[in-house]
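In what follows, a single structure is set out as structure tokens and then discussed.
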Amino acid sequence: MKILVLPSWYPPYGGGFFEAQAEGLLEQQQDVQVLSIERVSPRNFLSWVKALICIFFADYNIRQDKRLSVIVSQIPGIPRLDRLHAFLYAYKSYKVFKKFSKNNDYTPDVIHAHSLIWAGFAAFKIKSKFNIPYIVTEHRGRFSNNQFVSCAEKKEMSLLEVALAAQHASKILCVSSVLIPFIKSIAPSSNIETLPNLVNTESFKVKTVSPKKGTVFICVASLIPLKNHENLLRAFHEIVQSDDLLYIVGDGVLKEKLKLLCKQLDLCKQVYFAGHASPEQVAAYLEKSDVFVLPSKYEAFGVVYIEAMSVGLPVIASKGTGAVDFVDSENGRLVEPSNINELAETMLFFKENKTKFNVDLISLNVKENYKTNVIIKSLIEHLTLARENNT
């Protein structure tokens, strides 16, 4: 089956999950072609001007990423003009696809778009002209539409172009159930199911449990407001004892502010900022820890929770995030991210009960439920149905 993958963003500018799925499809003997439209920041002025000049041309390059062929073109980023950006993204995608299709006698059986904003809208435009069916995998946490989603994000979500992309998709695959209600509200007749992100669970080995004093908590996330590290530090301050430790793995704009907060809370001896870490380093930190905690304001899915559970760690996650689909009393607890007292009490619970959680069972369950080949085969089934049901 010929599959055109349309990512809303793509490596090297994020989008590793999209690349992993495309590679997974390729490994299952599918014919995969990626079309990536890059958004050039105005800060990169010369490149931005070039992208602006070329906006109405079907210019593109083809690069080889391992086994994947990636068509690459660019559009100028225009801040705060969401509708214009949607139009430019879709227009460029259509023009480049049309030219590539003509030059290479290429017609895909189905399009797999990643996120309604804006690959989904581009897929809708291509379908309108070429009658190629498309499905959308939605990854954006903002579609949880909770109280932490910004006004600007909600404004973008409410645009007609988002609704059109949802309404005309053969199917929408949400990475968690928390994304479904909003999408259903803008496209009531849409066919929506859940299909989780790929997680390489087999690269994590189950930790060795050894008796020790104190509890080692770990948080792996970018140091940005969304991840709610400030509340985590304040909660940790409420329950910390001299033998306890908190690893904060990741980097970001809040690094210095969080370090200053640690000094103010007298936590410098109990909190270790590990900085950016490779996947191998993350695995090593997880294996040295007892409990994973990430009280994000919202998460579409939360791959890092699955990675932590692959090691056997119980997790503390936020209510209203993608974690509601896989966190239960056997492997963790859910908390209200804005409630510091609740978070502190939950961390204290794990300090007192960490040995009651079965690390082998936690690891086994996630590795069984999130096998890469199972998720990819399910995705292929959805894509096949979209192709067969197209009229």
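Where a number appears in this text, it was derived from the coordinates with a stated rule and is not lab data. Remember, predicted model here, so these are calculated numbers, not experimental data. Note that we place each Cβ from the backbone using ideal geometry, even for glycine, and neighbour counts take in every protein chain shown.
Within the chain, antiparallel bridges make up roughly 10 percent of the DSSP beta bridges whose residues both belong there.
Inverting the pair-averaged 1/r between distinct Cα atoms of the chain gives 22.2 Å as its Kirkwood hydrodynamic radius.
Our coupling estimate for the stretch 9-14, obtained by passing each phi through the Karplus curve with A = 6.51, B = -1.76, C = 1.60 and θ = phi - 60°, is 8, 7, x, x, 10, x Hz, Gly and Pro reported as x.
Across the options ASN331, TYR272, ASN353, the greatest Cα extent toward the positive end of the charge dipole of the stretch 201-369 (unit charges at beta carbon of Lys, Arg, Asp, Glu) belongs to TYR272. Shown here for the stretch 336-391: trypsin sites (Lys or Arg not before Pro) in loop regions (DSSP other than H, G, I, E, B) with at most 16 other Cβ atoms within 10 Å, namely LYS371. If you take the alpha carbon atoms of the stretch 201-369 and fit the smallest convex hull around them, that volume is 99 Å³ per residue. Helix 372-389 and the longest principal axis of the C-alpha atoms of the chain enclose an angle of approximately 30°. Simple spin-label estimate for VAL253 and LYS98 gives 3.8 nm between the two label positions (7 Å along the Cα-to-Cβ direction from each Cα). Maximal additional length on extending the SER185-ARG63 stretch stands at 40.0 nm, based on 0.36 nm per residue less the C-alpha distance.
In this Cβ point-charge picture (+1 for Lys and Arg, -1 for Asp and Glu), the chain has a dipole of about 1180 debye about its Cα centre. For the chain, the residue among LEU195, ILE362, ALA51 whose Cα projects farthest onto the positive side of the dipole built from Cβ charges is ALA51.
Each 5 Å bin from zero holds the following percent of Cα-Cα pairs in the stretch 147-244: 2, 9, 12, 13, 14, 14, 12, 9, 7, 5, 3, 1. Evaluated with a Cβ-only charge set (Lys, Arg +1; Asp, Glu -1), the stretch 201-369 carries a dipole of roughly 460 debye about its Cα centre, given to the nearest 20.
Per the Debye calculation on the stretch 1-149 with a single equal scatterer at every Cα and no solvent contribution, log₁₀ I(q)/I(0) for q = 0.10, 0.12 Å⁻¹ amounts to -0.33, -0.48. Debye-formula intensities of the stretch 299-391, expressed as log10 I(q)/I(0) at q = 0.14, 0.22, 0.25 Å⁻¹, are -0.60, -1.10, -1.28 (one equal scatterer per alpha-carbon, no solvent). Output the pairs from LYS297/LYS356; LYS171/LYS297; LYS2/LYS102; LYS213/LYS356; LYS227/LYS257 with a Cα-Cα distance over 19 Å in this structure; if there are none, say none. Cα-Cα > 19 Å for LYS297/LYS356; LYS171/LYS297; rest within.
Give me the net charge for the shell around ILE192: Cβ to Cβ below 15 angstrom, other residues only, Lys and Arg +1, Asp and Glu -1. That works out to 0. For the peptides 70-77, 118-125, 8-15, 221-228, the ranking by packing is 118-125, 70-77, 221-228, 8-15, with the highest mean count of neighbouring Cβ atoms within 10 Å listed first.
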